[in-house]
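J.: Quick one: structure below, then a few questions.
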Amino acid sequence: MDCKQLQKKIIDITIWKKGEQRAPHKPLLLLYVLSKYKQSHTRLFNYKTEIEEPLLDLLMRFSPRRTHYYPNMPFWRLKNDGFWQLTNIENCININNPSKEPTSKQLALSQVYGGFDEPSYQCLIKNPSAIDQIAEQILSQHFPESVQENLINRLDFSFINFNRQRDPKFRQLVLRAYNYQCAICGFDLRYDSVSIGLEAAHVKWKQHGGPCVINNGLALCSLHHSAFDMGVIGLDSSLKIKISNGINGNQIVERLFWDFEGKDIKRPRSKEDHLHDRFVEWHLREVFRK
């Protein structure tokens, strides 16, 4: 297998789907493993000692808020995508129901290891730049830019020229509709006629079918854009600002976040440009962290 074939298989991984729910479990696991390969980790990882806890942490931080998280599922299900290998799985397979996935406890007791298969691993080791290329593809395919940056920093990737796919027309239309002000705090810094630190945020992410239209856009300062994409800020059905209970910090955080709790966002003058309910509902359900 060459690296292009591997990249194609990773692009085509099967993602669990149920309506419009977001399921970044496999992408997060792959990013974690690729980051470890960059640090010269061997091919296979012990599920219990090397995967369960760090993947659970990533799921809690970067996937939709759920009552329970299951790091065992992407670890097990990746074996069906054509490049992932598991060992010591004999005692994990339910004879009466072979399709039933083993629990984290079963994977741990059986000392199951997993990672890229040998041909795929050799491809990555012989072409180290392919690790960055594949990681970049996963990030751009599944996460918005501000979340990409948080993941890059958290996993110690070091992309120098990360390809950003921005839509300048979308940005122009959204900023104009919001009168070049942050919809949360009203930030409107300009140098002459050029806005600084103001961005157009997708309410429903492009990576999950969110269109580049004004009704799916918010003008946000870079701070509140990052917070919005990470689920720190949300909007209720009446477009009042919600702040995650996980937020903490000093008085500056109080002023920049908690002072806006329950307040209305700044809206475009034209009602035709107001946010559509379905996009707001998606963000509240799939991104906001209570």
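Each reported figure results from applying straightforward, stated rules to the coordinates on display, with no laboratory input. Bear in mind the structure is a predicted one, so any value in this text is a computation, not a measurement. Virtual Cβ from ideal backbone geometry, glycine too; neighbours counted across all protein chains shown.
J.: The range 168-286: Rg/Rh from Cα coordinates, Kirkwood Rh? Walk me through the numbers before you get to the answer.
T.: On the way: Rg = 13.5 Å, Rh = 14.4 Å.
So for the range 168-286, dividing Rg by the Kirkwood Rh gives 0.94.
J.: In addition: Pick from 269, 43, 77: which is most flexible by mean-square fluctuation in a GNM of the chain where alpha carbon atoms under 10 Å apart are linked?
T.: 269
J.: Can you list which of the GluC sites (Glu not before Pro) found in the range 254-290 are DSSP loop residues with at most 15 other C-beta atoms within 10 Å? Intermediate results must be reported in sequence, preceding the final value.
T.: Numbers: sites: 254, 261, 272, 281, 286; in loops: 261.
Loop-located and lightly packed - 261.
J.: While we're on this one: At R0 = 41 Å, how high is the FRET efficiency between residue 149 and residue 93 if r is their beta carbon distance? Nearest 0.05 is fine.
T.: Taking R0 as 41 Å, the efficiency between residue 149 and residue 93 is 0.55.
J.: Please give the net charge around residue 77, taking every other residue with its beta carbon less than 10 angstrom from that of residue 77, where Lys and Arg add +1 and Asp and Glu add -1.
T.: Taking every other residue near residue 77 into account, the sum is 0.
J.: Starting from the Cα of residue 266, draw a straight line to each of the lysines and keep only those under 18 Å, dropping any in the same chain fewer than 8 residues away.
T.: The reachable lysines, counting only those whose Cα sits under 18 Å from residue 266, are 240, 242.
J.: I'd like the projected area of the range 1-99, averaged over all directions, using the convex hull of its alpha carbons. Report it in nm² with one decimal. It would help to have the intermediate numbers written out before the result.
T.: Numbers: hull surface 31.7 nm².
Here the figure is 7.9 nm², rounded to one decimal.
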